[in-house]
1. Search segment 31-43 for residues that are closer than 18 Å to residue 65 by Cα and pair each with any residue that is aromatic (Phe, Trp, Tyr) when their beta-carbon atoms are under 7 Å apart and the residues are at least 6 apart or on different chains.
2. Taking segment 2-30, which residues are of a type in the set (A, V, I, L, M) and either assigned to a loop (DSSP other than H, G, I, E, B) or free of Cβ contacts under 8 Å to residues at least 60 places away in the same chain (or both)?
3. Give me the pairs, please: first residue somewhere in segment 79-97 and under 13 Å from residue 6 (Cα atoms), second residue anywhere and assigned to a helix (DSSP H, G or I), beta-carbon distance under 7 Å, and either six or more positions apart or on two chains.
4. Going through segment 23-45 one residue at a time, which ones are modelled with pLDDT under 90 and surrounded by 16 or more Cβ atoms within 10 Å (Cβ to Cβ)?
5. Anything in segment 102-126 that is among the β-branched types (Val, Ile, Thr) and in contact (Cβ under 8 Å) with a residue 24 or more places away in the chain? List them, or say none.
6. Conditions: (1) crowded, with 19+ Cβ neighbours inside 10 Å; (2) out of contact with any Gly (no Cβ under 8 Å at 6 or more places or on another chain). Residue 48 meets all but one. Number of the miss?
7. Any residue at all in segment 68-76 that is in contact with a Gly (Cβ under 7 Å, 6 or more places away or on another chain), modelled with pLDDT under 95 and in a helix (DSSP H, G or I)?
Amino acid sequence: MSESNVRIECATLARCADALARIPELDRLSLGAIEERIGDSPFIALVASVDGCDVGCKLGYWVDDRNFYSWMGGVCQDFRRRGIADALLNEQERRVVENGGTVVTVKSMNRYPAMIVFLVARGYSIVGFDEQSQKILFHKQFTNSGV
């Protein structure tokens, strides 16, 4: 697959829900559940497509005007290890910084070791553990000058 085949673009929550539903490791969320979680918060919804087929998604929302929570994301199994997750995260981070964000927070679980390695390799620091959800907390700090 060449880079030119991958397209990253803003998407509707419905399109994100469809893309996320094709990622078996993730808990399937209805569009209604996604809309309820995001509520009135401004959000960034990105979809990666290859030759017109949606193969990945990155979805998050603003907690306040400086802090962004990168909530959900993934790439379909047949399209992994091709740089698509990197491209999605690059675009999300670019948009966060472009809109004045200084911190991106992510949660993950031990059952997703590839995600943990990916986040650490991308400069995210482990900052805690949420006992209630059993999730590892990560964050990445940005300067005003960008990523």
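The values are calculated or read from the model by the stated rules, or taken from the named source; none is laboratory data. The model shown is predicted, which means the values in this text are computed figures rather than measured ones. FYI the Cβ positions are ideal-geometry reconstructions off the backbone, even for glycines, and counts take in every protein chain you see.
1. Between residues of segment 31-43 that are closer than 18 Å to residue 65 by Cα and residues that are aromatic (Phe, Trp, Tyr), the close pairs are 38/61; 41/61; 41/62; 42/61; 42/62; 43/61.
2. Applying the first criterion (of a type in the set (A, V, I, L, M)) to segment 2-30 yields 6, 8, 11, 13-14, 17, 19-21, 23, 26, 29.
The answer is 11, 13, 14, 17, 19, 20, 21, 23, 26, 29.
3. 85/118
4. Just the residues of segment 23-45 that are modelled with pLDDT under 90, to begin with: 23-30.
Answer for segment 23-45, where residues must be modelled with pLDDT under 90 and surrounded by 16 or more Cβ atoms within 10 Å (Cβ to Cβ): 23, 29.
5. So in segment 102-126, the residues among the β-branched types (Val, Ile, Thr) come out as 102-106, 116-117, 120, 126.
Hits for segment 102-126 are 102, 103, 104, 105, 106.
6. (2)
7. No: zero hits.
For every residue, the table says whether it meets (1) basic (Lys, Arg); (2) at pLDDT 95 or above; (3) in contact with a strand residue (DSSP E or B) (Cβ under 6 Å, 6 or more places away or on another chain).
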| site | (1), (2), (3) |
| --- | --- |
| 1 | no, no, no |
| 51 | no, no, no |
| 58 | yes, yes, yes |
| 63 | no, yes, yes |
| 82 | yes, no, no |
| 92 | no, yes, yes |
| 104 | no, yes, yes |
